[in-house]
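**Q** If you scroll down you'll find the structure; I have some questions about it.
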Amino acid sequence: MTDHDFSFETKLLHNQHKFDPVTGGVSVPIQHASTFHQSDIDQFGKYDYSRSGNPTREALEDIIADLEEGTHGFAFSSGMAAISTAFLLLSAGDHIVISEDVYGGTFRMVTSVLNRFNIEHTFVDMTDLESVKAAVQPNTRAIYIETPSNPLLKVTDIQAVCDIAKKAGALSFVDNTFLTPALQKPLNLGADVVLHSATKFLSGHSDVVAGLAVVNDPELAARLGSLQNSFGAVLGVQDAWLVMRGLKTLSVRMEHSQKGAEKIAAYLNEQPLVKKVYYPGLADHPQHAIQKGQSLGAGAVLSFELESEEIFRSFVNTVELPVFAVSLGAVESILSYPAKMSHAAMPADEREKRGITNSLLRLSVGLENPDDLIKDFEAALVNIAKGEAIAAK
């Protein structure tokens, strides 16, 4: 039986790093060495300095490349380190087309850092293919896709946009953090670079900060590998080991969390104090069909807008189960406030233009029983409704 005959779930556990070939240990060894002895003056061994290569980090890079069905993986010190290093593939005078409601850290990188190096950008609604085509300029060298987008869960037709990029001679970058290779494989849809904040679902336990990138072209891999070594924002070995440990349970975590997200989104969609629910798993989501066509599910993240900022504040102060915090993709459910958390780097007027209001919440569903989360939300909404009714008298 060849490697390609195994299912994704099995490959999470049974891969080339299943056990240590030297000791038989069923865990990748953590190699803390920063430098490696060379036995030959004229020809160095595979490893010489850990920034350039480390066997523990390399194991994670091999595993994520295999899971994304790419050829080369790269592990970085954070998701933003992965994204920033990928952007270094560009040069002064180049232009990027980018999803308009992209993660706030990516927005900050593009608008506050890359612009200083004369790399231009155009934000566009990636759900509108004609707008994407119109945004392409003669100097466009990359199209950056985040799908589902953060925090409005817009879905981009990956294959269609990657085709636009190829016709323009541009690279296509896809942030796959929300869905992971368990649910979506952008390289198979034409993407050139797949990016992850491995802090989120891949590691899954709110205990590590990490970023990953995967490509399937040797020439592009050589360029990105050189940038990884030059820029130096590599992932430490202890963190690499933690991500690998988290990956082993990715499928079961995603399956449970996604089922919970589907149930909670349907519940919230019926609540009078909830103005709008954003979740591609709902049949009335504008890109529901696209999501079904290019992935195995809608993921475990949803957003919902409450009827007013006052109701929003009461809700956050009343619910008990979710952690109110930045980040997502953990074993515990995390309730986030995009306007002040993930998108705080985006000016208020830019947030408003994108629909990121002061009454919008993002929920990353964890491993709790979703019925308990619904009971918690129900109690909060009932109390708020009672307060509203009393105030109206």
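The values are calculated or read from the model by the stated rules, or taken from the named source; none is laboratory data. Computed from a prediction, not measured in an experiment: that's the story for all the values here. In this analysis, Cβ positions are derived from the backbone assuming ideal geometry, glycine residues included, and neighbour counts consider all displayed protein chains. Remember, those area values only see protein heavy atoms, side chains included, never the ligands or the DNA or RNA. Shrake-Rupley method; radii C 1.70, N 1.55, O 1.52, S 1.80 Å.
**Q** Report the residue count in the range 340-366 for those that are out of contact with any helix residue (DSSP H, G or I) (no Cβ under 6 Å at 6 or more places or on another chain), at pLDDT below 90 and open to solvent by less than 40 Å² (accessible area, probe 1.4 Å).
**A** Summing the residues that are out of contact with any helix residue (DSSP H, G or I) (no Cβ under 6 Å at 6 or more places or on another chain), at pLDDT below 90 and open to solvent by less than 40 Å² (accessible area, probe 1.4 Å) in the range 340-366 gives 5.
**Q** Read through the list (1) within 21 Å of the chain's Cα centre (by Cα); (2) surrounded by fewer than 19 Cβ atoms within 10 Å (Cβ to Cβ), then give the number of the only condition that residue 263 fails.
**A** Looking at each condition in turn, residue 263 falls short on (1).
**Q** Would you check which residues across the range 193-211 are in contact with a Phe, Trp or Tyr (Cβ under 8 Å, 6 or more places away or on another chain) and under 16 Å from residue 238 (Cβ atoms) and list them?
**A** The answer is 210, 211.
**Q** Within the set of pairs 6 or more residues apart or between chains, which connect a residue that is part of a loop (DSSP other than H, G, I, E, B) inside the range 123-134 to a residue that is surrounded by fewer than 16 Cβ atoms within 10 Å (Cβ to Cβ) with Cβ atoms less than 6 Å apart?
**A** What qualifies is 125/131.
**Q** Could you please let me know if residue 321 is open to solvent by less than 20 Å² (accessible area, probe 1.4 Å) and aliphatic (A, V, I, L, M)?
**A** Answer is no for this residue.
**Q** If you don't mind, there's one more thing I want to ask. Would you be able to tell me the number of residues in the range 61-108 that are open to solvent by 30 Å² or more (accessible area, probe 1.4 Å), more than 18 Å from residue 191 (Cα to Cα) and hydrophobic (A, V, I, L, M, F, W, C)?
**A** Of the residues in that region, 2 qualify.
**Q** Still on this structure, please answer the following. Kindly check whether there is at least one residue in the range 56-67 that is within 23 Å of residue 301 (Cβ to Cβ) and free of Cβ contacts under 8 Å to residues at least 60 places away in the same chain.
**A** No: the range 56-67 contains no residue that is within 23 Å of residue 301 (Cβ to Cβ) and free of Cβ contacts under 8 Å to residues at least 60 places away in the same chain.
**Q** Residue 167 versus (1) touching a residue at least 60 places away in the same chain (Cβ under 8 Å); (2) out of contact with any Gly (no Cβ under 9 Å at 6 or more places or on another chain); (3) among the basic types (Lys, Arg): which is the lone unmet condition?
**A** All conditions are met except number (1).
**Q** Here is a follow-up. Does any residue in the range 254-282 that is in contact (Cβ under 8 Å) with a residue 24 or more places away in the chain and farther than 19 Å from residue 149 by Cβ come within less than 8 Å, Cβ to Cβ, of a residue that is surrounded by fewer than 18 Cβ atoms within 10 Å (Cβ to Cβ) and small (Gly, Ala, Ser) six or more places away or on a different chain, and which pairs are these?
**A** So the pair list comes out as 272/385; 273/385.
**Q** Here's something else I'd like to know. Can you pull out every residue in the range 192-220 that is within 12 Å of residue 71 (Cα to Cα) and either surrounded by fewer than 20 Cβ atoms within 10 Å (Cβ to Cβ) or free of Cβ contacts under 8 Å to residues at least 24 places away in the same chain (or both)?
**A** Correct list: 216, 217, 218, 219, 220.
**Q** Within the range 75-114, track down each residue that is among the small types (Gly, Ala, Ser), over 25 Å from residue 166 (Cβ atoms) and not in a strand (DSSP E or B).
**A** 77, 78, 79, 81, 104, 105, 112
**Q** Pick from the range 45-60 the residues that are open to solvent by 20 Å² or more (accessible area, probe 1.4 Å) and either part of a helix (DSSP H, G or I) or in contact with a helix residue (DSSP H, G or I) (Cβ under 7 Å, 6 or more places away or on another chain) (or both): which of them is farthest from residue 246 (Cα to Cα)?
**A** It comes out as 47.
**Q** Would you pick out the residues in the range 135-179 that are in a strand (DSSP E or B), over 18 Å from residue 197 (Cβ atoms) and either open to solvent by 10 Å² or more (accessible area, probe 1.4 Å) or of a type in the set (S, T, N, Q) (or both)?
**A** 140, 141, 171, 172
**Q** Assuming residue 241 fulfils every condition listed in (1) part of a loop (DSSP other than H, G, I, E, B); (2) within 30 Å of residue 29 (Cα to Cα) apart from one, which condition is it?
**A** All conditions are met except number (1).
**Q** What number goes with the only condition from (1) closer than 24 Å to residue 334 by Cβ; (2) hydroxyl-bearing (Ser, Thr, Tyr); (3) over 13 Å from the mean Cα position of the chain (by Cα) that residue 226 does not pass?
**A** Against the list (1) closer than 24 Å to residue 334 by Cβ; (2) hydroxyl-bearing (Ser, Thr, Tyr); (3) over 13 Å from the mean Cα position of the chain (by Cα), residue 226 comes up short only on (1).
**Q** Suppose the filter is in contact with a strand residue (DSSP E or B) (Cβ under 7 Å, 6 or more places away or on another chain) and acidic (Asp, Glu); does residue 163 pass it?
**A** no
**Q** Can you confirm whether residue 70 is within 20 Å of the chain's Cα centre (by Cα) and either at pLDDT 95 or above or farther than 30 Å from residue 352 by Cβ (or both)?
**A** Yes, satisfied.
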